[in-house]
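Readers should treat all values here as calculations from the given coordinates under stated rules, not as data from a laboratory. Everything numeric in this text was worked out from a predicted model, so none of it was measured. All Cβ positions, even for glycine, are placed from backbone atoms using ideal geometry, and neighbour counts span all protein chains on display.
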Amino acid sequence: MPTYDYICDSCEHQFELFQSITESPKRKCPECGRMKLRRLIGPGAAILFKGSGFYKTDYRSPSYRKAAKAEKKNGAPDGSKARSDGKGAREKSAKSSD
């Protein structure tokens, strides 16, 4: 259930009211008793993330993280560091045959 902000146009009393979405807006001011109450448009609810971190890698499976660590240890090149002259694959295969 949302919290609504109200203000009285007569006495300028401002307050928050916790009410159902389907409930009709209040009209009578609790301070002065006049029917000059109007609902204000609020900023909405804030989102609060709790925990150590919220990054895309925080939700990976343990097997994925293990494979990524092993790949990083072995120095496997990622796509951005690949050689364009095609020698990378030949040099790697020559080293492994020694």
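Summary table below
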read-out	value
Förster radius 22 Å - calculated FRET efficiency between Ile47 and Glu12, Cβ distance, rounded to 0.05	0.10
Local net charge near Tyr6, Cβ-Cβ under 12 Å (Lys/Arg +1, Asp/Glu -1)	+1
Phi-based couplings in Hz for region 2-16 (Karplus 6.51, -1.76, 1.60; Gly and Pro marked x)	x, 9, 10, 9, 10, 9, 8, 6, 8, 9, 6, 6, 10, 7, 10
Integer Hz, Karplus 6.51/-1.76/1.60 couplings in order for region 33-39, x for Gly and Pro	x, 7, 8, 10, 7, 9, 7
J(HN,Hα) series, region 22-29, from Karplus relation 6.51 cos²θ - 1.76 cosθ + 1.60, nearest Hz, glycine and proline x	7, 6, 6, x, 6, 10, 9, 6
